[in-house]
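Below is one structure, written out as structure tokens, with a few remarks after it.
The values are calculated or read from the model by the stated rules, or taken from the named source; none is laboratory data. Everything numeric here is computed off the predicted structure, so don't read it as measured data. Cβ: placed from backbone, ideal geometry, glycine included. Neighbour counts: every protein chain shown. The accessibility values were calculated without ligands, DNA or RNA, using every heavy atom of the protein model including side chains. Shrake-Rupley method; radii C 1.70, N 1.55, O 1.52, S 1.80 Å.
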Amino acid sequence: MNIIDMKNNNNYELLKLAGNAIKKGELVIFPTETVYGIGANGLDESAVENIFIAKGRKTDNPLILHISNIDMVNDIAKDITYLEHKLMDEFWPGPFTIVLNKKDVVPDIVTGNLNTVGVRMPLNDIAKKLIEYSNVPIAAPSANISGKPSGTNIEDIIDELKDKVSYIIDGGDTKIGLESTVVRVIDNNIHILRPGYITKEDLSKYGNVIVDKHILNKVEDNIDILSPGMKYKHYAPNTKCILVYSNDNNKLIKKIKELESQYNKCLVITNDNNIKLFNNSLSYGSSKEDISHSIFKILREADKMNVDIIIIEGVDQKDIGLAIMNRLLRACSYNYIEV
Ligand code: TXA
Ligand code: MG
């Protein structure tokens with residue numbers, strides 16, 4: 001494995017080697033504006049299979065194809081509607097994935113045998129250049145072992161995945177920190193399958209938005225759902241976690257202190273304002289943007305602290321709060337208290 005350091009330069013020529021590796025069917029870890037991806041040639045069945053093996057990912061959980069220009073969408077998807085075009089125009093390049101009807105060139109392994117494919121055009125220049133140099137759509141899930149918090153910096157990724165890829169491109173900390181918003185348009189309704197930086201409020205300007213009920217609720221076994229990824233355990237540290245939320249900060253603090261007193265070794269993940277109130281705590285910042293940027297890194301850090309329980313302060317569900325609560329609920333395996 002080679003590391004390509006793009007943190008302190010914009011010499012994109014360096015990415016040609018990684019682009020060639022993708023063409024040859026090898027795996028490359030690269031930054032996007034959301035999280036790092038572990039990528040392969042999305043039209044090469046055996047290359048894509050290696051992504052599933054590297055992550056230990058279930059094969060019915062489909063991957064997103066990443067493109068670098070709008071023409072590429074017509075190579076892989078068909079029957080695109082006016083509204084779908086409009087959403088792509090508005091939110092690409094960016095943290096936005098749209099599920100479209102797939103063309104036959106897309107191997108079934110990419111889509112978990114579905115007849116649809118998730119497509120995203122990232123904004124990050126390194127990601128864009130890598131796709132250009134490889135000259136194929138790149139299939140890329142988040143760079144982490146399945147079930148673990150998504151990788152947002154290479155320090156967190158190296159230990160888990162270094163033996164499994166040809167290159168890791170270091171672009172520093174990812175900007176947004178949460179994965180893209182995934183949507184599917186059905187009968188002109190915009191269904192949010194996974195919330196992200198592009199919010200319900202943003203999408204509402206273009207049509208009726210339906211937030212999939214599994215975003216904040218556990219998926220019961222054996223039911224058909226629009227986004228297979230929601231069935232699986234995700235973002236979870238090994239340590240037991242509990243999510244606590246109140247719109248009244250005094251009540252919230254009281255509840256967390258009460259929980260704190262019940263455990264021997266406890267860590268509280270909280271905001272800059274509340275951090276001094278607890279015995280052992282880490283701050284995820286103060287704004288929702290701070291939280292989204294830092295949460296996966298902090299969950300990993302917390303997991304190394306050898307405590308009996310991690311108590312995490314929740315946020316309201318407005319704007320990007322919905323995406324934060326979706327990730328935190330799952331990190332806590334739906335262990336949730338609202339007071
Ligand atoms: O920001 C992101 O989206 C990152 C970066 C690397 O681009 N990628 C990412 O991929 O988060 P992944 O594989 O970790 O998550 C993809 C999600 C899963 O929840 C999956 O179920 C859903 O997208 N998905 C992909 N294709 C789909 C399809 N055809 N129908 C429904 N859901 C789909
Ligand atoms: Mg993922």
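Being surrounded by 18 or more Cβ atoms within 10 Å (Cβ to Cβ), in the same structural domain as Leu65 (by TED's automatic domain parsing) and of a type in the set (Asp, Glu) is a description that does not apply to Asp187. One residue alone among Leu100, Leu130 is hydrophobic (A, V, I, L, M, F, W, C), surrounded by 20 or more Cβ atoms within 10 Å (Cβ to Cβ) and not in a helix (DSSP H, G or I), and that residue is Leu100. State all residues of the range 176-200 that are of a type outside the set (A, V, I, L, M, F, W, C) and within 16 Å of ligand 2 (Cβ to nearest atom); if no residue qualifies, say none. Matches in the range 176-200: Gly177, Glu179, Ser180, Thr181, Arg194, Pro195, Gly196, Tyr197.
To keep it simple, each residue is scored yes or no on (1) within 16 Å of ligand 2 (Cβ to nearest atom); (2) under 14 Å from the mean Cα position of the chain (by Cα).
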{"site": "Ser142", "(1), (2)": "yes, yes"}
{"site": "Lys148", "(1), (2)": "yes, yes"}
{"site": "Gly151", "(1), (2)": "yes, yes"}
{"site": "Leu161", "(1), (2)": "yes, no"}
{"site": "Asp202", "(1), (2)": "no, no"}
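Going through Pro93, Pro62 one at a time, which residue ends up being within 16 Å of ligand 2 (Cβ to nearest atom), within 19 Å of the chain's Cα centre (by Cα), at pLDDT 95 or above and assigned to a loop (DSSP other than H, G, I, E, B)? Give the derivation first.
Working: Pro93 fails: within 16 Å of ligand 2 (Cβ to nearest atom).
Checking each option against the conditions leaves just Pro62.
Checked against the criteria, Tyr206 counts as more than 16 Å from ligand 2 (Cβ to nearest atom) and among the aromatic types (Phe, Trp, Tyr). Considering the range 240-255 alone, what residues qualify as being open to solvent by less than 20 Å² (accessible area, probe 1.4 Å) and in contact with a strand residue (DSSP E or B) (Cβ under 6 Å, 6 or more places away or on another chain)? The answer is Cys241, Ile242, Leu243, Val244. Among the conditions (1) open to solvent by less than 50 Å² (accessible area, probe 1.4 Å); (2) more than 18 Å from Arg194 (Cβ to Cβ); (3) among the hydroxyl-bearing types (Ser, Thr, Tyr); (4) within 16 Å of ligand 2 (Cβ to nearest atom), Ser68 misses just one, which is (4).
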